[in-house]
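Colleague: Let me give you the structure first, and then I'll get to my questions.
The values are calculated or read from the model by the stated rules, or taken from the named source; none is laboratory data. As the structure is a prediction and not an experimental result, all values here were calculated from the model. Please note: Cβ atoms are built from the backbone with ideal geometry, for glycine as well, and neighbour counts cover all protein chains shown. Side chains are part of the model used for accessible areas, which takes the heavy atoms of the whole protein and leaves out ligands, DNA and RNA. Shrake-Rupley method; radii C 1.70, N 1.55, O 1.52, S 1.80 Å.
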Amino acid sequence: MNVKPLVAAFLLSGMATAQNTQKMTDNVLLQSFGTVHETAPYSKINAEQFMPAIHAAIGEGKKEIEAIKAYKQKPTFENTIVALENSGKQLGRITKILYHLNGAETTPAIQAVVREASPVLTEYSNDVSLDAALFARVAAVWENRKQLKLDQESAMLLEKTYKSFARNGAALQPDAQKRLREINKELSSLSIKFSENILNVTNAYMLEVTDEAQLNGLPEFVKEAAKATAEKAGKTGWVFTLQAPSYGPFMQYADNRELRKELFLAFSSRGFKGDQFDNQANIQRTVALRYEKAKLLGYETWADYILEERMANSKTIVWDFLENVKKYAEPAATAEIKELTQYAQSLGFNEPVLQRWDISYYAEKLKKEKFAINDEILKPYFQLENVLDGIFTLANRLYGITFKLNPAIEGWHPDVRAYEVFDKNGKLLAVWYGDYFPRAGKRAGAWNNSVQSQWVQNGKEFRPHVVNVCNFSKPTATKPSLLTFNEVSTLFHEFGHALHSMMASGQYASISGTSVAWDFVELPSQIMENFAEEPEVLRLFARHYQTGEVIPAELITKLKASSNFMAGVGTMRQIGLGMIDMTWHSTVPTGESVQEIEKKADVGSRLYPITEGIATSTSFSHIFAGGYSAGYYSYKWSEVLDADAFELFKEKGIFNKEVAESFRKNILSKGGSEQPMELYKRFRGREPKPEAMLRRAGLLQ
Ligand SMILES: [Zn+2]
């Protein structure tokens with residue numbers, strides 16, 4: 001994952017210069033830090049400083065905007081677009097530190113600041129993006145763009161700046177603007193209502209079991225958790241819920257088929273029961289309003305509006321992509337279901353076809369039988385320090401960069417390690433922080449972000465300060481931190497985002513580093529996961545923490561084979577979700593029902609007998625309450641990119657310096673300064689093809 005705060009990019013791109021701020025106050029957030037590479041002095045920063053600093057910095061930002069508007073000369077790229085890009089740097093520096101702390105080391109006081117700051121920042125952001133006089137200047141530069149002879153990067157900055165206004169309705173007539181505001185407001189409450197309905201229906205459901213014999217097949221840890229849930233709810237026996245940690249293991253392990261069916265039906269009918277938590281009308285209204293908004297802004301459908309800013313930048317490209325992958329996945333999935341059915345029958349299952357509530361259950365058993373491999377066998381080979389050393393060695397062999405621990409750079413917690421990263425010519429490339437152990441105050445999961453981005457201003461270059469945060473098990477007195485293979489992949493993934501941030505080499509912060517199209521941002525991260533599976537790379541770091549023995553080749557083979565188990569079924573599910581999303585969003589809404597839409601689009605469900613009373617869309621929060629509308633395809637799309645790009649390394653040698661150099665030059669260093677498809681073609685010599693992903697997943701020989 002790569003994190004971007006939810007505030008307009010041009011407000012969040014950096015750091016104040018010492019001259020503007022030094023004399024303002026004693027607030028450390030408003031001063032030059034005076035630290036190594038101007039890194040944030042975390043020990044001197046406290047929650048009380050943020051709001052006053054934010055208000056002061058907004059004041060500065062407003063002055064900068066007023067200065068742009070008051071400029072007597074006619075609007076130029078420099079006096080308008082670059083000036084706007086460089087406005088709000090001080091506010092950017094403060095909010096980046098705030099959001100970083102809120103994720104990695106929060107406190108009730110920091111959370112209170114975020115709650116107080118969010119509406120203030122949104123209001124400021126709206127003030128800027130709806131400022132008619134400012135937009136008039138931006139539009140004047142845009143209209144004149146053909147005469148400006150801008151370099152590629154500057155042309156992109158101009159386009160992104162203009163479009164960020166236009167896509168928010170700045171170019172519309174007042175009555176249309178008014179309607180747009182109404183639509184945005186209603187869409188926002190519909191999205192909240194959608195989530196609330198799912199949350200309510202999920203929380204309202206309980207499967208109570210009082211007879212332990214009904215729990216046959218469930219591992220002890222699952223039973224213990226169910227017992228704890230029951231106690232919390234004031235019940236005797238065991239309680240299972242529709243929350244993933246309870247639902248998932250029950251479907252995988254419970255021998256009792258009737259109870260699996262009951263739980264499955266409860267889960268799959270969320271938002272589709274016709275009760276007070278039903279989401280069907282909500283979906284129809286959302287889809288209609290999105291369409292109206294797209295038309296108002298001059299687009300054919302909602303998907304056209306969304307995809308304008310994506311690598312897959314038309315609905316035809318997305319549909320062709322989904323159809324193409326489906327062509328390969330469908331026969332594989334059908335064969336997998338057939339094999340699973342025969343396996344189930346060999347265990348005494350006596351019906352001709354498996355129902356949907358049987359799939360996880362038998363798949364879990366078959367997987368165990370086919371691949372005798374698990375985390376406990378692998379973990380001793382993945383000691384955190386060794387894996388990190390391996391990553392540094394890999395980065396050095398590919399790009400010639402080196403990492404030097406520098407204890408003089410302050411972290412936000414004693415567990416944090418800060419490194420100076422040097423380029424092959426010895427120049428400082430970045431500051432990189434690794435923060436790997438869970439603690440109260442740290443969000444779950446793993447992410448990359450930049451506390452300072454990269455840009456050039458008045459001839460001075462600012463290098464990035466990059467953060468990788470994960471939650472791995474902490475070392476104990478007798479055991480170091482040992483990772484599962486999944487965690488090793490996570491470490492490589494986040495490090496890939498970090499390389500994208502660190503190797504940025506542009507002029508403008510808002511289009512540098514990981515500020516790229518949504519369906520392109522996971523290429524640099526996911527490609528690193530491929531390296532983690534290569535025997536040549538594993539030999540660099542996967543050594544038994546007690547014996548020093550290098551991981552046996554057969555374990556690697558088993559690991560790869562097991563990760564492809566039921567890949568056809570999994571791919572069909574993802575393609576089906578992508579098609580449901582695109583069917584709702586790439587056509588003119590006609591009021592077709594949820595069932596009608598899903599009958600056409602949900603290709604993943606066609607592998608099983610029809611089950612009445614269930615639906616996917618009514619709990620599809622990604623597209624109706626998250627940011628994935630007309631974007632769900634991007635999960636598979638990113639896999640295609642990383643597999644296809646990595647295949648060049650496999651062809652030419654995975655440590656091949658020329659391929660690495662080309663990846664750096666054409667992808668990592670470029671950020672969002674050019675169209676991603678152009679960047680990709682320059683690296684790969686052609687557009688991406690899905691074959692490498694299909695081969696990797698075992699769906700194509
Ligand atoms: Zn990611």
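Colleague: Hey, does the stretch 76-95 have a residue that's touching a Gly at 6+ places or on another chain (Cβ under 8 Å), over 30 Å from Arg417 (Cα atoms) and hydrophobic (A, V, I, L, M, F, W, C)?
Modeller: no
Colleague: I'm checking my understanding of the structure. Among residues of the stretch 480-492 that are more than 16 Å from the ligand (Cβ to nearest atom) and not in a loop (DSSP other than H, G, I, E, B), which one is modelled with the lowest pLDDT? Explain how you work it out, then say what you get.
Modeller: Going residue by residue through the stretch 480-492, those that are more than 16 Å from the ligand (Cβ to nearest atom) are 480-485.
In the following step, the residues that additionally are not in a loop (DSSP other than H, G, I, E, B) were identified as 482, 485.
Details: Leu482: 95, Phe485: 92.
Once the filter is applied, the top-ranked residue is Phe485.
Colleague: Continuing with the same structure: Looking only at the stretch 493-523, how many residues end up being more than 18 Å from Lys665 (Cα to Cα), in a helix (DSSP H, G or I) and more than 11 Å from the ligand (Cβ to nearest atom)?
Modeller: Total meeting the criteria: 1.
Colleague: Do we have Tyr205 as open to solvent by less than 80 Å² (accessible area, probe 1.4 Å), touching a residue at least 40 places away in the same chain (Cβ under 8 Å) and not hydrophobic (A, V, I, L, M, F, W, C) here?
Modeller: yes
Colleague: Further question on the same structure: Scan the stretch 560-571 and give yes if some residue there is within 20 Å of the chain's Cα centre (by Cα) and either open to solvent by 10 Å² or more (accessible area, probe 1.4 Å) or away from the ligand (no atom under 14 Å from the Cβ) (or both), otherwise no. Steps first, please.
Modeller: As a first pass, look at the stretch 560-571 and keep what is within 20 Å of the chain's Cα centre (by Cα): 570-571.
Retained after the next criterion (residues that are either open to solvent by 10 Å² or more (accessible area, probe 1.4 Å) or away from the ligand (no atom under 14 Å from the Cβ) (or both)): 570-571.
Yes; the residues of the stretch 560-571 include at least one that is within 20 Å of the chain's Cα centre (by Cα) and either open to solvent by 10 Å² or more (accessible area, probe 1.4 Å) or away from the ligand (no atom under 14 Å from the Cβ) (or both).
Colleague: I'd like the residue in the stretch 342-378 that is over 22 Å from Gly568 (Cα atoms) and open to solvent by less than 50 Å² (accessible area, probe 1.4 Å) and, out of all such residues, is modelled with the lowest pLDDT.
Modeller: Restricting to residues being over 22 Å from Gly568 (Cα atoms) and open to solvent by less than 50 Å² (accessible area, probe 1.4 Å), the top hit is Leu378.
Colleague: Out of curiosity, is Ala477 more than 16 Å from the ligand (Cβ to nearest atom), of a type outside the set (Phe, Trp, Tyr), in contact with a Ser or Thr (Cβ under 7 Å, 6 or more places away or on another chain) and part of a loop (DSSP other than H, G, I, E, B)?
Modeller: For Ala477, the condition - more than 16 Å from the ligand (Cβ to nearest atom), of a type outside the set (Phe, Trp, Tyr), in contact with a Ser or Thr (Cβ under 7 Å, 6 or more places away or on another chain) and part of a loop (DSSP other than H, G, I, E, B) - is not met.
Here's the yes/no breakdown for (1) within 30 Å of Ile556 (Cβ to Cβ); (2) among the polar types (S, T, N, Q):
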{"position": "Asn425", "(1), (2)": "no, yes"}
{"position": "Pro438", "(1), (2)": "yes, no"}
{"position": "Ser453", "(1), (2)": "no, yes"}
{"position": "Leu483", "(1), (2)": "yes, no"}
{"position": "Tyr508", "(1), (2)": "no, no"}
{"position": "Ile511", "(1), (2)": "no, no"}
{"position": "Ala517", "(1), (2)": "no, no"}
{"position": "Phe520", "(1), (2)": "yes, no"}
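Colleague: Select, from Ala112, Ala57, the only residue that is in contact (Cβ under 8 Å) with a residue 12 or more places away in the chain, farther than 20 Å from Gln457 by Cα and part of a helix (DSSP H, G or I).
Modeller: Ala112
Colleague: To continue, here is another question. From the residues in the stretch 524-557 that are within 16 Å of the ligand (Cβ to nearest atom) and more than 19 Å from Ser453 (Cβ to Cβ), which one is surrounded by the fewest Cβ atoms within 10 Å (Cβ to Cβ)? Talk me through it step by step, then tell me what you get.
Modeller: Just the residues of the stretch 524-557 that are within 16 Å of the ligand (Cβ to nearest atom), to begin with: 524-532.
Then keep just the ones that are more than 19 Å from Ser453 (Cβ to Cβ); that gives 526-532.
Details: Gln526: 21, Ile527: 23, Met528: 26, Glu529: 19, Asn530: 22, Phe531: 23, Ala532: 24.
So the residue we want is Glu529.
Colleague: Here's something else I'd like to know. Among the residues of the stretch 584-640, which ones are open to solvent by 40 Å² or more (accessible area, probe 1.4 Å) and of a type in the set (Val, Ile, Thr)?
Modeller: Within the stretch 584-640, Thr587, Val588, Thr590, Ile610 qualify.
Colleague: Yes or no: the stretch 618-627 includes at least one residue that is among the polar types (S, T, N, Q) and under 30 Å from Leu559 (Cβ atoms).
Modeller: To start, the set of residues in the stretch 618-627 that are among the polar types (S, T, N, Q) comprises 618-619, 621.
This time we only want the ones that are under 30 Å from Leu559 (Cβ atoms), so: none.
Looking for residues that are among the polar types (S, T, N, Q) and under 30 Å from Leu559 (Cβ atoms), one finds none in the stretch 618-627, hence no.
Colleague: Being of a type in the set (Lys, Arg) and either within 24 Å of Pro108 (Cα to Cα) or open to solvent by less than 30 Å² (accessible area, probe 1.4 Å) (or both) is the filter here; which residues of the stretch 48-89 pass it? Break it down into steps so the answer makes sense when it comes.
Modeller: Initial filter on the stretch 48-89 (of a type in the set (Lys, Arg)): 62-63, 69, 72, 74, 89.
If the condition is that a residue be of a type in the set (Lys, Arg) and either within 24 Å of Pro108 (Cα to Cα) or open to solvent by less than 30 Å² (accessible area, probe 1.4 Å) (or both), then Lys89 is the only one that fits.
Colleague: When the residues of the stretch 270-281 are narrowed to those that are in contact with a Gly (Cβ under 8 Å, 6 or more places away or on another chain) and buried (at least 19 other Cβ atoms within 10 Å of the Cβ), which ends up modelled with the lowest pLDDT?
Modeller: Per the stated criteria, the residue is Phe277.
Colleague: So Ile45 passes all but one of these: (1) farther than 30 Å from Leu148 by Cβ; (2) open to solvent by 70 Å² or more (accessible area, probe 1.4 Å). Which condition number does it fail?
Modeller: Single failed check for Ile45: (2).
Colleague: Test each condition in (1) away from the ligand (no atom under 12 Å from the Cβ); (2) outside any loop (DSSP other than H, G, I, E, B); (3) open to solvent by 10 Å² or more (accessible area, probe 1.4 Å) for Val466 and report the one that comes out false.
Modeller: (3)
Conditions (1) modelled with pLDDT under 95; (2) surrounded by 17 or more Cβ atoms within 10 Å (Cβ to Cβ); (3) farther than 25 Å from Thr618 by Cα, marked per residue:
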{"site": "Lys160", "(1), (2), (3)": "no, yes, yes"}
{"site": "Lys163", "(1), (2), (3)": "no, no, yes"}
{"site": "Gln173", "(1), (2), (3)": "yes, no, yes"}
{"site": "Arg181", "(1), (2), (3)": "yes, no, yes"}
{"site": "Leu199", "(1), (2), (3)": "yes, no, no"}
{"site": "Asp211", "(1), (2), (3)": "no, no, yes"}
{"site": "Asn216", "(1), (2), (3)": "no, no, yes"}
